Amino acid sequence: MSNRILPRRGGARRGKRLLQSALVGLLYVVGAAPAYAQFGGTCGCPVIVNDPQIYARQQEQLREESLTAELLQQNTTGGGAGAWQSDLPFLNSLAGAMGQGGGICYANGNAVQQFNADFPGMTPPPANAAARARELAAVTLGTLAGALAVGQQQAAHFNYENGQLSALESKNQNAQGALQAIQTTNEILLAEAQQLQLMRQLLITLINAEGVYNGHRLNMEAQAAAQSGEFLSSGGTEP
């Protein structure tokens, strides 16, 4: 009879189960998604370790850089300029209206010389005093009529100005980026400067009209006083 010991069947089954568990664990390890990030190894060589969140961070960074580039493009794109136009033709037409009545106009190069000739002041009336008085009255009335014509044309200009301001407001509402907003602001400032020019033109017109009117009145008073003094110096007596 042999003394050999036969293996137990239960031990074989336990070994088989352990082998199956090891295989399953190995499959889990092999099937797991690798995650890599780079670290320094002990030998000085990089060690790659995966980090899935790095892709999300890179995506967010790209999105921010794209938004920054888009905003930069908007801020450097023009489009709010070009509404302003010179008012010089209109200002010249106002000067023409001031002189069309036959009066003394500030735009004439000899306006001061004409004023001094028409209103010499303390001098005796000329021999044809009546005719000269009619001429001076016509010059004064023509100057006042010219000032009124200037006022009418400025008032008629309001519709054009309102259209210009409406266009600027539209550009202000639709400005895209900083440069367009700055250019629109500059256009508004130019429109304000034009308003100041028109106000100065009205002030010049007023000075012109009042200067001629007061010159005519003072000239008559001075000539009357000069005529009275001449009469008294020639031996006449006051009534």
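The values are calculated or read from the model by the stated rules, or taken from the named source; none is laboratory data. What you see is a predicted model; the values in this text were computed from it and never measured. Every residue, glycine as well, gets a Cβ built from its backbone with ideal geometry; the counts of neighbours run over all protein chains shown.
What the table shows:
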{"read-out": "Index of the failed condition, residue 150 passing every other in (1) under 17 Å from residue 210 (Cα atoms); (2) at pLDDT below 95; (3) β-branched (Val, Ile, Thr)", "value": "(2)"}
{"read-out": "Conditions (1) in contact with a Leu (Cβ under 8 Å, 6 or more places away or on another chain); (2) over 20 Å from residue 205 (Cα atoms); number of the one not met by residue 87", "value": "(2)"}
{"read-out": "Pairs, first touching a residue at least 60 places away in the same chain (Cβ under 8 Å) in the range 60-86, second of a type in the set (A, V, I, L, M, F, W, C) and not in a helix (DSSP H, G or I), C-beta under 7 Å, six or more apart", "value": "80/175"}
{"read-out": "Qualifying residue in the range 201-211 (condition: among the β-branched types (Val, Ile, Thr), in a helix (DSSP H, G or I) and touching a Ser or Thr at 6+ places or on another chain (Cβ under 8 Å))", "value": "no"}
{"read-out": "Residue match in the range 178-199 (condition: within 15 Å of the chain's Cα centre (by Cα), of a type in the set (Asp, Glu) and assigned to a helix (DSSP H, G or I))", "value": "yes"}
{"read-out": "Test: residue 104 is more than 30 Å from residue 181 (Cβ to Cβ), out of contact with any strand residue (DSSP E or B) (no Cβ under 7 Å at 6 or more places or on another chain) and either at pLDDT below 80 or of a type in the set (Phe, Trp, Tyr) (or both)", "value": "no"}
{"read-out": "Some residue of the range 118-135 being among the polar types (S, T, N, Q) and modelled with pLDDT of 95 or more", "value": "no"}
{"read-out": "Test: residue in the range 89-100 that is in contact (Cβ under 8 Å) with a residue 24 or more places away in the chain and more than 32 Å from the chain's Cα centre (by Cα)", "value": "yes"}
